[in-house]
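The values are calculated or read from the model by the stated rules, or taken from the named source; none is laboratory data. Fair warning: this is a prediction, and the values are worked out from it, not measured in the lab. Neighbour counts run over all protein chains shown; Cβ positions are idealised from the backbone, glycine included. With ligands, DNA and RNA removed, areas are computed over all heavy atoms of the protein, side chains included. Shrake-Rupley method; radii C 1.70, N 1.55, O 1.52, S 1.80 Å.
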Amino acid sequence: MNEAIPVTRVTDQGTAKLMPDVDRKRAWLLTVDGAPQSYVDLDEPAHLEFEYARRLGHVLDTVAEPGRPLDVVHLGGGALTLPRYLAVTRPGSRQDVVEADRGLLELVAEHLPLPAGAGIEAHAADARAWLADAPSDSADVVVADVFGGSRVPAGLASVGYAREAERVLRADGVHLANLADAAPFAFLRSQLAGFATLFEELVLIAEPGVLRGRRFGNAVVVASHRPLDTAALARRAAADAFPARVEHGPALRDFIGAARPVRDEDAVPSPEPPDGSFGIG
């Protein structure tokens with residue numbers, strides 16, 4: 001059998017590289033312009049290598065009874081890690097993946113093909129524009145994991161975006177966002193403030209070191225109109241190799257403080273991460 005070799009391709013929005021994992025036979029790391037974007041194990045699609053992906057997976061595991069199929073919109077495609085995860089943990093789910101970089105989608109389809117009948121449809125489109133055309137009340141979950149390089153684009157960082165996502169979600173739907181920031185958390189607090197204007201329930205999942213302002217890092221923000229199983233989330237997040245805290249209720253309102261929602265015309269991308277912030281892990 002031929003040994004897997006790295007694949008490098010210039011796509012629409014950068015230089016994408018697929019690198020085989022020497023420790024897992026059919027596992028690959030995707031980077032774009034050097035920043036880790038996705039990790040996929042074709043033999044074990046339920047394996048989530050990155051910590052932030054595991055936290056998103058914990059939410060997806062607890063939003064409905066185990067195994068129940070969901071209608072999910074993924075904004076940001078990468079190597080389709082979470083869609084593959086849901087296809088095996090919630091078979092029968094109907095999933096739309098929106099990725100602006102058509103060349104990246106083609107690279108992934110060529111080298112990391114989806115299994116037949118996965119129920120995943122990929123769309124080469126701008127996330128905000130695609131969402132604007134999506135029917136109301138059509139999704140159980142919207143996952144926003146869009147990074148231009150290592151920054152969340154301004155178009156997905158406003159209360160206008162949050163309003164569009166809320167329209168597409170069903171009444172009991174859940175919005176998940178993978179964001180990145182550091183103290184004093186101006187970006188993260190403003191995003192939470194925006195979601196708080198539309199959703200009654202908010203949850204923040206992040207490593208204690210990030211929340212204490214010690215370093216730049218990912219934060220998963222969950223928004224819904226119904227209570228979430230925060231106890232189950234807290235147990236799962238605490239059991240990870242890099243444990244995370246789950247904040248909600250009064251503690252989260254205190255964290256948001258006096259932050260204001262961001263209008264479309266004032267929206268900016270998430271902060272540029274310091275060198276070395278986004279490693280593998």
Exercise for the section: Give the residue that is nearest to GLU164 (Cα to Cα), with candidates limited to residues of the stretch 91-114 that are touching a Pro at 6+ places or on another chain (Cβ under 8 Å) and not hydrophobic (A, V, I, L, M, F, W, C). Expected result: GLN95
Problem - Matching residues in the stretch 203-227 - criterion: being within 16 Å of the chain's Cα centre (by Cα) and part of a helix (DSSP H, G or I) - result: none
Problem - Subset of the stretch 249-276 (residues that are open to solvent by less than 80 Å² (accessible area, probe 1.4 Å) and under 19 Å from the mean Cα position of the chain (by Cα)) - result: PRO269, SER270, PRO271, PRO273
Completion exercise
Note on the stretch 158-202: residues closer than 17 Å to ASP137 by Cα and part of a strand (DSSP E or B) are LEU169, ARG170, ALA171, ASP172, GLY173, VAL174, HIS175, LEU176
Handout entry: Number of positions in the stretch 119-149 that are assigned to a loop (DSSP other than H, G, I, E, B) and open to solvent by 20 Å² or more (accessible area, probe 1.4 Å)
Key = 11
Fill in the blank from the handout: Checked ALA87, ALA16 against criteria (out of contact with any Lys or Arg (no Cβ under 9 Å at 6 or more places or on another chain), farther than 22 Å from SER224 by Cα and of a type in the set (A, V, I, L, M, F, W, C)); the one match is ALA87
Handout entry: Conditions (1) touching a residue at least 12 places away in the same chain (Cβ under 8 Å); (2) surrounded by fewer than 17 Cβ atoms within 10 Å (Cβ to Cβ); number of the one not met by LEU107
Key = (2)
Fill in the blank from the handout: Filtering the stretch 1-48 down to residues that are among the polar types (S, T, N, Q) and closer than 23 Å to ALA144 by Cβ yields THR11, GLN13, THR31, GLN37, SER38
Exercise for the section: Go over the candidates ALA234, ALA241 one by one and state the one that is farther than 14 Å from VAL220 by Cα and not polar (S, T, N, Q). Expected result: ALA241
Practice task
Would you confirm whether any residue within the stretch 239-259 is among the aromatic types (Phe, Trp, Tyr), modelled with pLDDT of 95 or more, at negative phi and not in a loop (DSSP other than H, G, I, E, B)?
Solution key: yes
Practice task
Could you run through the stretch 228-237 and say how many residues are part of a helix (DSSP H, G or I) and either in contact (Cβ under 8 Å) with a residue 40 or more places away in the chain or open to solvent by 60 Å² or more (accessible area, probe 1.4 Å) (or both)?
Solution key: 5
